[in-house]
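Participant: Please find one structure pasted underneath; my questions will follow.
The values are calculated or read from the model by the stated rules, or taken from the named source; none is laboratory data. If you're wondering where the values come from, they're calculated on a predicted model, not measured in any experiment. Don't worry about glycine lacking a Cβ; one is built from the backbone with ideal geometry, like all the others, and counts go over all protein chains shown. What goes into the accessible areas is simple: the full protein's heavy atoms, side chains included, and nothing from ligands, DNA or RNA. Shrake-Rupley method; radii C 1.70, N 1.55, O 1.52, S 1.80 Å.
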Amino acid sequence: MAERKPIESWLTDMDGVLIHEGVPIPGADAFLKKLRESGKPFLVLTNNSIYTPRDLHARLRRMGLDVPVDNIWTSALATAKFLDDQRPGGTAYVIGEAGLTTALHDIGYILTDHEPDYVVLGETRTYSFEAMTKAVRLIKNGARFICTNPDETGPSPEGPLPATGSVAALITKASGKKPYFAGKPNPLMMRTGLNTIGAHSETSAMIGDRMDTDVLAGIEAGMQTFLVLTGLTTVEDIDRYPFRPSHVVNSIADLVDRV
């Protein structure tokens, strides 16, 4: 294997890497502190499109983790960047929360249910059957279908919750149209994030707890990948995939000295 260049910038997933069910994972605060002190570019990524970066900054701070707003990159921001590149100043019918609607407003999009250019599906705490029905009809009438991420379930203290990917499957079945997913494992999310912080994939690393999103996206974006075992993936799971992470570590605490 060719020798990799030194890591000059870091991307890390949030849930399962830095926090677990609202509680910081041991070592997360030390890792983030070391990153801030090093001056190296970094981003905390999440496929969750519910919250704005400011919301996430405040939520993490309440947990004792200090992540500047500019160092947070969500699937909602990646989706907005994609739409701004594809069709600047367009229109969209949106199913989602403030994280998504704010990102689209910030790029100058008009949110409407009258002949929109796109139907954009993100996460929400309450998926409305009426909204999903409207989305199906708009897509059948020619609106392009975009989804923030393909995650089929999300975590909660009570157990898994149906997430964006599951609702996208319902809309796809009813409309006959598959969406374009902007979030992980699409390397688009990683590349737009890297561009945001002026980093290059050859000297960047991705830390995640999921093989099918974090590690896959990192590999396809050309980065080194670190799989932590504090989330959804076990050592036994790794061999089930046709690809492997560059490194496997127990937790984020093992990477503090790598910064």
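Participant: Could you point to the residue in 65, 43, 96 farthest towards the positive end of segment 34-98's charge dipole, with +1 and -1 charges on the Cβ of Lys/Arg and Asp/Glu respectively?
Facilitator: 65
Participant: Ok, one more. Is there a quick way to get the dipole size of segment 9-100? I mean about its Cα centre, with the Cβ of Lys and Arg at +1 and of Asp and Glu at -1; what is the value in debye to the nearest 20?
Facilitator: Details: 10 positive and 11 negative charges, 45 e Å.
In debye, rounded to 20, segment 9-100 gives about 220.
Participant: Next question, about the same structure. Given H placed 1.01 Å from N in the peptide plane, which residues other than close sequence neighbours of residue 251 have an amide H under 5 Å from its amide H?
Facilitator: Residues meeting the criterion, in which the H sits 1.01 Å from N, are 229.
Participant: OK, next. Viscosity 0.692 mPa s, temperature 37 °C: Stokes-Einstein D of segment 168-240 from its Kirkwood Cα radius, in µm² per second?
Facilitator: Answer, rounded: 242 µm²/s.
Participant: Related question: Taking only Cα atoms of segment 116-161, what ratio of Rg to Rh do you get with Rh as the Kirkwood inverse-distance radius?
Facilitator: Reported Rg/Rh, Kirkwood definition of Rh: 1.05.
Participant: Once the piece of chain linking residue 87 and residue 134 is laid out straight, how much longer is it, given 0.36 nm per residue of separation minus the C-alpha distance between them?
Facilitator: Gain in length upon complete extension: 14.7 nm.
Participant: Let me ask something else. So which trypsin sites (Lys or Arg not before Pro) in segment 59-127 end up in coil per DSSP with only 13 or fewer other C-beta atoms within 10 Å? Mind showing how you got there, number by number?
Facilitator: Working: sites: 59, 61, 62, 81, 125; in loops: 125.
When the trypsin sites (Lys or Arg not before Pro) of segment 59-127 are filtered for loop state and at most 13 Cβ neighbours within 10 Å, 125 remain.
Participant: Continuing with the same structure: Give me a comma-separated list of calculated 3J(HN,Hα) values for segment 141-150, in order, Karplus coefficients 6.51, -1.76, 1.60 applied at θ = phi - 60°, integers in Hz, x for any Gly or Pro.
Facilitator: Whole-Hz 3J(HN,Hα) from phi for segment 141-150: 8, x, 5, 7, 9, 10, 10, 5, 6, x.
Participant: Further, regarding this structure: Using the Karplus curve 6.51 cos²θ - 1.76 cosθ + 1.60 with θ = phi - 60°, what ³J(HN,Hα) values do you get for each residue of segment 89-101, in whole Hz, with x for Gly and Pro?
Facilitator: Here the 3J(HN,Hα) series is x, x, 10, 8, 9, 10, 10, x, 10, 4, x, 7, 5 Hz.
Participant: Give the ranking of 202, 123 by solvent-accessible surface, highest area first, calculated with a 1.4 Å probe.
Facilitator: Accessible-area ranking of 202, 123, largest first: 202, 123.
Participant: I've got another one for you. Could you work out the mean projected area of the convex hull around the alpha carbons of segment 1-135, in square nanometres to one decimal?
Facilitator: 10.8
Participant: Using only the Cα atoms of the chain, construct the convex hull and provide its projected area averaged over every direction, in square nanometres to one decimal.
Facilitator: Values: hull surface 55.2 nm².
Reported value for the Cα convex hull: 13.8 nm².
Participant: Now for a separate question. Under 5 Å between amide hydrogens, which residues at least 5 positions from residue 19 or on another chain qualify, with H placed 1.01 Å from N in the peptide plane?
Facilitator: Long-range HN contacts for residue 19: 25.
Participant: Heavy atoms of the protein only, probe of 1.4 Å, neighbouring chains included. What is the accessible area of residue 200 in Å², nearest 10?
Facilitator: Accessible area, nearest 10 Å²: 110 Å².
Participant: Order the peptides 29-40, 186-197, 64-75 from the highest to the lowest mean number of other Cβ atoms within 10 Å of their residues.
Facilitator: In decreasing order of mean packing, 29-40, 186-197, 64-75 become 186-197, 64-75, 29-40.
Participant: Something else now. Would you kindly derive the ³J(HN,Hα) couplings of segment 68-73 from the backbone phi angles with the Karplus curve 6.51 cos²θ - 1.76 cosθ + 1.60 (θ = phi - 60°), listing them in order in whole Hz, with x for Gly and Pro?
Facilitator: Listing the rounded values in order: x, 3, 5, 9, 10, 10 Hz.
Participant: Can you list the equivalent-ellipsoid semi-axes of segment 54-129, largest first and in whole Å, using the square root of 5 times each Cα gyration tensor eigenvalue?
Facilitator: Those come to 26, 15, 8 Å.
Participant: Would you mind telling me the share, in percent, of accessible area of the chain contributed by carbon and sulfur at probe 1.4 angstrom?
Facilitator: Exposed carbon and sulfur together represent 51 percent of the surface.
Participant: Report, ordered by chain and residue number, the lysines lying within cross-link reach of residue 5, taken as a straight Cα distance under 22 Å and ignoring same-chain residues fewer than 8 apart.
Facilitator: Residue 5 reaches 34, 40.
Participant: Work out, in µm²/s and without decimals, the Stokes-Einstein translational diffusion coefficient of segment 133-200 at 37 °C, 0.692 mPa s, Rh from Kirkwood over C-alpha pairs.
Facilitator: So the translational diffusion coefficient is about 243 µm²/s.
Participant: Could you do me a favour and compute the accessible area per residue for the chain, 1.4 Å probe, result in Å²?
Facilitator: The answer is 48 Å² per residue.
Participant: Whose amide H sits under 5 Å from the amide H of residue 51, counting only residues 5 or more places off or on another chain, with H placed in the peptide plane?
Facilitator: Amide H neighbours of residue 51: 99.
Participant: Moving on. Enumerate the whole-percent occupancy of each 5 Å bin, from 0 to the last occupied one, for all C-alpha pair distances of segment 44-95.
Facilitator: Bin by bin from 0 Å, the calculated values are 5, 19, 25, 20, 15, 9, 5, 2.
Participant: Using a simple charge model, +1 on the beta-carbon of Lys and Arg, -1 on the beta-carbon of Asp and Glu, nothing else, what dipole does segment 1-154 show about its Cα centre, in debye to the nearest 20? Walk me through the intermediate numbers first.
Facilitator: Details: 17 positive and 21 negative charges, 34 e Å.
Its charge dipole is roughly 160 debye.
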